[in-house]
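Data first, discussion second: the structure below is written as structure tokens.
The values are calculated or read from the model by the stated rules, or taken from the named source; none is laboratory data. Bear in mind the structure is a predicted one, so any value in this text is a computation, not a measurement. Cβ: placed from backbone, ideal geometry, glycine included. Neighbour counts: every protein chain shown. What goes into the accessible areas is simple: the full protein's heavy atoms, side chains included, and nothing from ligands, DNA or RNA. Shrake-Rupley method; radii C 1.70, N 1.55, O 1.52, S 1.80 Å.
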Amino acid sequence: MNFQIEWFDKLASTNASMRERFLQSSRIESGHIIAAREQTAGRGRQDRKWLSSDGTNLCFSLFVETNAELMAVPSLTMAAALAVTEMLNTKNIAAAPKWPNDVLVDGKKICGILSERVEHPKAPMAGIIVGIGLNVNMSSAEAEEIDRPATSMLIETETATNLLKTLDELLPLLEYWINEWETAGFGGIRDVWTKRAGPIGKPLAVHDGDIKKSGTLAGFGDHGELLLQTAAGIKTIWSGDVS
Ligand code: BTN
């Protein structure tokens, strides 16, 4: 993957900028990255806000050119989560991926990923924008302002880290895991994902809006969907929050 990185001081959302760029251009290729020191309207899953103060955290979007269908989007997010997890593990941060799109340390969120499929209305071009928000230098005070438990590389290691260097360290791992995904879809990441996000049999509660389902982890389906063992049999979960 040929990474081409564009840094901006301030953008509304790197995912939104990447989408605009994709729609305007016919030349955008896999590996194109738009990164921002500050986002004024960073977005998360389910229309949540993604908060990150100026120059503190890594906020970027990576374009992956692919004709893969909508169903394949979650497993690309999972591949990116494995890359982030491994990068953090090399720094002795006990990070683990959490289905469907997070990386946690000890139950606290350190990274969120928002992937969006894009199709060009006029050209035979399609792809997935993988938007990654990694808490690098967020302080404990900032983390406490977030409505859910959050942490950062700074909080975990007591060391501030350069954002450009962090991105540089992440890219080879993103390349590796995206390549596995491009070659075999979720099948290319299933074993490692299950090992790191498991174990099979662990108790889970899945919340989707007002609906709550409880059970244990039975595994993951062919597209990375969560398989929940409930008293009434195995339920397939495509989206939701897991606790
Ligand atoms: C989530 O946890 O719900 C996903 C958060 C994704 C945040 C990143 S930051 C870079 C990119 N641009 C956005 O607006 N969102 C993603």
Can you pull the accessible area of residue 90 for me, 1.4 Å probe, Å² to the nearest 10? 100
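Ignoring any ligand, DNA or RNA, what whole percent of the accessible area of the range 33-182 comes from carbon and sulfur when the probe is 1.4 angstrom? Mind showing how you got there, number by number?
Working: 3140 of 6450 Å².
The value for the range 33-182 is 49 percent carbon and sulfur by accessible area.
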Gaussian network model of the chain, springs between alpha carbon atoms under 10 Å - residue of 115, 25, 61 with greatest fluctuation: 25
Histogram of C-alpha separations across the chain, 10 Å bin width, %: 7, 33, 37, 19, 3, 0
Over the Cα atoms of the range 1-126, what radius of gyration and what Dmax do you get, in Å? 14.8, 47
Would you work out which of 60, 120, 78 lies farthest towards the positive end of the dipole of the chain, given +1 charges on the beta-carbon of Lys and Arg and -1 on that of Asp and Glu, about the Cα centre? 78
In deg cm²/dmol, rounded to 500, what helix-only [θ] at 222 nm does the chain give when every DSSP H run of at least 4 residues adds -39500 (n - 2.57) and the total is split over its residues? -9000 deg cm²/dmol
For the range 67-119, just run the numbers: alpha carbon Rg, then divide by 2.2 N^0.38 Å, N being how many residues it has. 1.21
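Multiply the residue gap between residue 49 and residue 2 by 0.36 nm, knock off their C-alpha separation, and tell me the result in nm, one decimal place.
Fully extending the segment from residue 49 to residue 2 adds 13.9 nm.
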Would you mind working out the magnitude of the charge dipole of the chain relative to its Cα centre, with +1 at each Lys and Arg C-beta and -1 at each Asp and Glu C-beta, to the nearest 20 Debye? 420
Unit charges at the beta carbon, dipole of the range 134-212: most positive-side option, 172, 189, 152: 189
Counting heavy atoms of the protein chains only and a 1.4 Å probe, report the per residue accessible area for the chain as a whole number of Å². 48
Just by accessible area at a 1.4 angstrom probe, what is the order of 32, 207 from largest to smallest? 207, 32
Normalise the Debye intensity by I(0) for the range 157-219, one equal point scatterer per Cα, no solvent, then take log10 at q = 0.16, 0.21, 0.28 Å⁻¹ and round to two decimals. -0.82, -0.89, -1.07
Percent of Cα pairs exceeding the 19 Å cut-off, where the set is the range 82-168: 42
